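Read-outs throughout are calculated quantities, based only on the coordinates presented, and are distinct from any laboratory measurement. Please read these numbers as outputs of a predicted model, since none were measured by experiment. In this analysis, Cβ positions are derived from the backbone assuming ideal geometry, glycine residues included, and neighbour counts consider all displayed protein chains.
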Amino acid sequence: MYEEFLEIKPEVQKALDEGIPVIALESTIISHGMPYPKNVQTALAVEKVIRDGGAMPATIGIIEGKIKIGLTEDEVEFMAKATDVMKVSRRDFPLVIAEKGNGATTVAGTMIAAHMAGIKLFVTGGIGGVHRGAGESFDISADLEELKMTDVTVICAGAKSILDIGCTLEYLETAGVPVITCGGDEFPAFYSRKSGFPADCRIDDPAKIAKLLKAKESLGLRGGVLVACPINPEDEIPYEKMDGVIQAALKECEEAGVKGKKITPFILSKVKDLTEGKSLEANIKLVLHNAEIGTKIAINM
């Protein structure tokens, strides 16, 4: 079946064969999430955190129609510089594969590819969710649908603060997705430790989180798990400040008539400008922090 489209990096395959924990990483953050060369530096730094912690990183992307499970440094550089790399979620796989194109996997896309390769854990920055005003626009990220049905645990810094976090949490509850907060009493809002929404399940010990994940698997319950790790206090941008910035960015987005897949990159770019680059630095710090937590979970699986 799909095996003909997978190309697993030899060291990743060796880790899978030998039972060494493997952690998936997305490539949208490389191609669409950060400017060059910060994107390459961050991608390689995250891989190093995982290696140093005793697990194997597998950055996932699509190059010339092949789903790469584990990118080489040259391939990371390519993904960072190429101008024809499309964002790939579930609906986009057939097109990019059929046309032998290049694609950067989103959270949903990375979950799909990781599951194909037998990888159970995935570290990222933040997930997509229910957009503000979704009652009229019906704009809900495919990430949430993927968490509903794909057996991959996602370790992140919560939902991006440009979203409607309350509605996102309601959606996940309805979908039956376990949401664990690791290191805080509130579900985090990406750049900020607090969102105003209490953590329904707080577990700070990665070994206990691993135990929960093994119990879920043993029960045969389908779908993913979300582990939300608040950014470290010294690296965060307070929610009250970020909310004002986001409101301004959303207004500019609406005035510019930006639609569909272009909304999030547009808003994040505006947020970066409005925070004078502080949001980018916070993004880098939180991804590295997530990788530390994710690796501790992985080695206890």
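In the range 23-40, which residue that is among the hydrophobic types (A, V, I, L, M, F, W, C) and crowded, with 21+ Cβ neighbours inside 10 Å is nearest to residue 76 (Cα to Cα)? Steps first, please.
Keep residues of the range 23-40 that are among the hydrophobic types (A, V, I, L, M, F, W, C), which gives 23-25, 29-30, 34, 40.
In the following step, the residues that additionally are crowded, with 21+ Cβ neighbours inside 10 Å were identified as 23-25, 29-30, 34.
Values: 23: 16, 24: 14, 25: 12, 29: 11, 30: 8, 34: 13 Å.
Top of the filtered list is 30.
Is one or more of the residues making up the range 67-89 of a type outside the set (Val, Ile, Thr) and within 21 Å of residue 226 (Cβ to Cβ)?
Here is the first cut: in the range 67-89, the residues of a type outside the set (Val, Ile, Thr) are 68, 70-71, 73-75, 77-82, 84, 86-87, 89.
Now restrict to residues that are within 21 Å of residue 226 (Cβ to Cβ): 87, 89.
Yes: one or more hits.
Among the candidates 231, 246, 237, which residue alone is assigned to a helix (DSSP H, G or I) and either touching a Leu at 6+ places or on another chain (Cβ under 9 Å) or among the aliphatic types (A, V, I, L, M) (or both)?
After ruling out the rest, the residue left standing is 246.
Checking the structure you have, find out if any residue of the range 21-32 is within 26 Å of residue 100 (Cα to Cα) and without any contact (Cβ under 8 Å) to a residue 40 or more places away in the chain.
There is no residue in the range 21-32 that is within 26 Å of residue 100 (Cα to Cα) and without any contact (Cβ under 8 Å) to a residue 40 or more places away in the chain.
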